[in-house]
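The values are calculated or read from the model by the stated rules, or taken from the named source; none is laboratory data. Everything numeric in this text was worked out from a predicted model, so none of it was measured. Ideal geometry is used to build each Cβ from the backbone, glycine not excepted, and the neighbour counts take in all protein chains shown. Ligands, DNA and RNA are stripped out before the accessible areas are found, and what is left, the full protein with its side chains, is counted by its heavy atoms. Shrake-Rupley method; radii C 1.70, N 1.55, O 1.52, S 1.80 Å.
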Amino acid sequence: MAIYLKRGATAEAKADADRKVRDIVEAALADIEARGDVALREMSNKFDGWDRADYRLSQAEIDACVNSLTPQERKDIEFAQTQVRNFAQIQRDSMKDVEVETLPGVVLGHKNLPLNSAGCYVPGGKYPLLASAHMSVITAKVAGVKRVITCAPPFQGQPARAIVAAQAMAGADAIYALGGIQAVGAMAIGTETIEPVDILVGPGNAYVAEAKRQLFGRVGIDLFAGPTETLIIADEIGCDPEMAATDILGQVEHGPDSPGVLLTNSEKFARETMAEIDRLLEILPTAEHARKAWNTFGEVIVADSYEEMVAIADEIASEHVQVMTADPDYFLNNMSNYGALFLGNRTNVSFGDKVIGTNHTLPTKKAARYTGGLWVGKFIKTCTYQRVTTDEASALIGEYCSRLCALEGFAGHGEQANIRVRRFGGRNVPYAGQAEPTPETVA
């Protein structure tokens, strides 16, 4: 039986916070729908202190951001983008068009078709998260999306230099200096100056995530990507308390609503990790954000066995799951609900966030139960087609279809089948709803 040495916020408290966010987002999206660019400008002024005639950056502004990079900064961004592009291309190559003759004269197939447009949100309020540009823009371009636009909030009163450079280097077709609800709403709804897109992708805070949720259906979305979640699964053989504490705090610094959870099979290890967290919070430069998140949403769970740890981890369904145990592959082979796994103490969530090549836009709030993270397939529609090449096949399928339609009472559907049985099979079947023909009526 697992014991909880520390629990996070209650479900009721989380639900109350979600309701407040939902109401704010609903009103903001309605305002964008009604007033377009005017609403965008008011929101940008209110939330970011950012006003300009056109939120789309000019080529000169983009070039200035790219040219501001030092040679090392440019080399580092290029390295990360190469890793992301390589893995995205491997994913794309795994998606094959198919065509097969399933019965004589019956040909079925599917084609993988890229979307026409995508809107990529890149967070940048507290930290300029330029890695999100790699993850979204490059992945969309590898998929074959024709038009990819990006939005990121200004940083310290200017376009976010590193984000803009990364967006441009990734191949964005248009770059906007807009953040928050107004950015997501503008890309989905459209305004006088921003043409709407077919899908919204990218992580963000609770307001961005809720805006995407409310806009789903009007446009596609990648997944529900809210505040960062981290689950550390560790034991005394595969990890040590300092490393476990470092990896928890390294993620909860994202913001005060980022859950960090330790799951272990040793109470001694758990308590030593908690002590390490307290020690590191005294020296971590981002301790202000990390402490709030740890105090409010941090959890420490001690389980009896690997089997129980897997059950608890699958119930949590965390965005990031970092496994530092004696046998990491046990969790790879037995877990089913996670955004991404990081196996062994030589890797960590930060590698995935920034550079290793897998995508860091991942499901949160238990969405890992039904979806994986952003990948090239999110920008592709797998669309089927059918072809019947012989009279005999059309008549054969038609006879089955006719009888099945009759079972359901769909007369019009049935007649679509019957006319082909008559034309291609030479059988004088009745019109839907009529009695079977007798020898006299046939004559």
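A few notes on this one:
- Subset tally (residues that are among the aliphatic types (A, V, I, L, M), surrounded by fewer than 17 Cβ atoms within 10 Å (Cβ to Cβ) and in contact with a helix residue (DSSP H, G or I) (Cβ under 6 Å, 6 or more places away or on another chain)) for the range 410-431: 0
- Residues of the range 168-179 satisfying the condition of being assigned to a loop (DSSP other than H, G, I, E, B) and open to solvent by 10 Å² or more (accessible area, probe 1.4 Å): Gly171, Ala172, Asp173
- Among (1) open to solvent by less than 50 Å² (accessible area, probe 1.4 Å); (2) more than 20 Å from Pro241 (Cα to Cα), the one test that Arg369 misses: (1)
- Considering Glu210, Glu308, Glu315, the condition of being more than 24 Å from Phe351 (Cα to Cα), open to solvent by less than 30 Å² (accessible area, probe 1.4 Å) and part of a helix (DSSP H, G or I) is satisfied by Glu210 alone.
- Among the conditions (1) open to solvent by 10 Å² or more (accessible area, probe 1.4 Å); (2) touching a residue at least 12 places away in the same chain (Cβ under 8 Å), the only one that Phe216 does not satisfy is (2).
- Unmet requirement for Glu408, which otherwise passes all of (1) within 21 Å of Ala244 (Cα to Cα); (2) over 18 Å from the mean Cα position of the chain (by Cα): (1)
- Taken over the range 24-73, the criterion of being open to solvent by 70 Å² or more (accessible area, probe 1.4 Å) and under 27 Å from the mean Cα position of the chain (by Cα) is satisfied by Ile24, Glu26, Glu33, Phe47, Arg56.
- Scanning the range 1-23 for residues that are assigned to a helix (DSSP H, G or I) and either of a type outside the set (A, V, I, L, M, F, W, C) or surrounded by 15 or more Cβ atoms within 10 Å (Cβ to Cβ) (or both) returns Glu12, Lys14, Asp16, Asp18, Arg19, Lys20, Val21, Arg22, Asp23.
- Test: Ala393 is open to solvent by less than 40 Å² (accessible area, probe 1.4 Å), at pLDDT 95 or above, farther than 30 Å from Gly204 by Cα and part of a helix (DSSP H, G or I): yes
- Screening Ala88 on (1) more than 16 Å from Arg56 (Cβ to Cβ); (2) open to solvent by 10 Å² or more (accessible area, probe 1.4 Å); (3) not in a loop (DSSP other than H, G, I, E, B) shows it passes everything except condition (2).
- Annotation: Val84 fulfils all but one of (1) farther than 22 Å from Gly220 by Cβ; (2) touching a residue at least 60 places away in the same chain (Cβ under 8 Å); the unmet one is (1).
- Tabulated pairs, the range 40-55, first among the hydrophobic types (A, V, I, L, M, F, W, C), second crowded, with 16+ Cβ neighbours inside 10 Å and modelled with pLDDT of 90 or more, C-beta under 6 angstrom, 6+ apart or interchain: Leu40/Gln182; Leu40/Ala186; Met43/Gln182; Phe47/Gly180; Trp50/Ser44; Trp50/Pro154
- Flag if Val300 is at pLDDT 95 or above, open to solvent by 10 Å² or more (accessible area, probe 1.4 Å) and in contact with a helix residue (DSSP H, G or I) (Cβ under 8 Å, 6 or more places away or on another chain): no
- Taken together, the criteria exclude Pro285 from residues that are touching a residue at least 12 places away in the same chain (Cβ under 8 Å) and open to solvent by 20 Å² or more (accessible area, probe 1.4 Å).
- The single residue among Glu236, Glu267, Glu229 that is charged (D, E, K, R) and surrounded by 24 or more Cβ atoms within 10 Å (Cβ to Cβ) turns out to be Glu229.
- Taking the criterion of being within 18 Å of Val323 (Cα to Cα), touching a residue at least 24 places away in the same chain (Cβ under 8 Å) and open to solvent by 40 Å² or more (accessible area, probe 1.4 Å), the residues of the range 336-366 that qualify are Tyr338, Asn345, Ser350, Ile356, Thr358.
- Unmet requirement for Gly109, which otherwise passes all of (1) open to solvent by less than 20 Å² (accessible area, probe 1.4 Å); (2) touching a helix residue (DSSP H, G or I) at 6+ places or on another chain (Cβ under 8 Å): (2)
- Leu129 being surrounded by 14 or more Cβ atoms within 10 Å (Cβ to Cβ), under 22 Å from the mean Cα position of the chain (by Cα) and part of a loop (DSSP other than H, G, I, E, B): yes
Yes/no per residue for (1) over 20 Å from Ala209 (Cα atoms); (2) in a helix (DSSP H, G or I):
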position	(1), (2)
Asn112	yes, no
Cys120	no, no
Gly125	no, no
Val137	no, yes
Val142	yes, yes
Ile149	no, no
Pro153	no, no
Ala166	yes, yes
Ile181	no, yes
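- Against the list (1) surrounded by fewer than 21 Cβ atoms within 10 Å (Cβ to Cβ); (2) of a type in the set (Ser, Thr, Tyr); (3) more than 24 Å from Glu26 (Cα to Cα), the condition Thr193 fails is (3).
- Residue in the range 127-142 that is modelled with pLDDT of 95 or more and aromatic (Phe, Trp, Tyr) present: no
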